[in-house]
Amino acid sequence: MPPSRHNYFNVRVPSGTAVDAIIDAAEAIVPTSDLYSVQHMGGLDFQIAVNTQAAVRKLLDANFLRIGSNLVTLVPANKRYVSIAVFFFALLCYGRRTGESFGTLR
């Protein structure tokens, strides 16, 4: 089950940042077991989700992720819904689509 909406943080990273660097920066603050996901939201924006309120508190207290020599601000995602759009045309090179799933965060 996905975490509640209070467990999401938005982050805008420097151009050219690898996803592994974002995950490593988050793991420097919270344990790997508390990370639910790191999702690309388009452009330089990513969203980090954590499983526990303890992890939320640690990220709120940290306020920043250190990615290389850069500090990037962690912004709590206060939106009621998180919307994800997938453009299936971009996925055609991987073969036929086998399913879709939809969910609502409450």
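Read the figures in this text as sums done on the coordinates, not as results from a lab. Since the model is a prediction, treat every value here as computed from it, not as a measurement. Note that we place each Cβ from the backbone using ideal geometry, even for glycine, and neighbour counts take in every protein chain shown.
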Within the range 59-80, the residues that are among the charged types (D, E, K, R) and without any contact (Cβ under 8 Å) to a residue 60 or more places away in the chain are ASP61, ARG66
Q) Scanning for something surrounded by 13 or more Cβ atoms within 10 Å (Cβ to Cβ), out of contact with any Leu (no Cβ under 8 Å at 6 or more places or on another chain) and of a type in the set (D, E, K, R), does the range 3-10 turn up at least one residue? A) no
- Query: Scanning for something in contact with a helix residue (DSSP H, G or I) (Cβ under 6 Å, 6 or more places away or on another chain), farther than 17 Å from THR73 by Cβ, in a helix (DSSP H, G or I) and touching a residue at least 12 places away in the same chain (Cβ under 8 Å), does the range 10-32 turn up at least one residue?
  - Reply: no
Within the range 43-79, residues surrounded by 15 or more Cβ atoms within 10 Å (Cβ to Cβ) and assigned to a loop (DSSP other than H, G, I, E, B) come out as ASN51, THR52, LEU74, ALA77
How many residues of the range 44-58 are out of contact with any helix residue (DSSP H, G or I) (no Cβ under 9 Å at 6 or more places or on another chain) and touching a residue at least 24 places away in the same chain (Cβ under 8 Å)? The answer is 3
Of (1) surrounded by 14 or more Cβ atoms within 10 Å (Cβ to Cβ); (2) of a type in the set (Ser, Thr, Tyr); (3) not in a strand (DSSP E or B), TYR36 satisfies every one except (3)
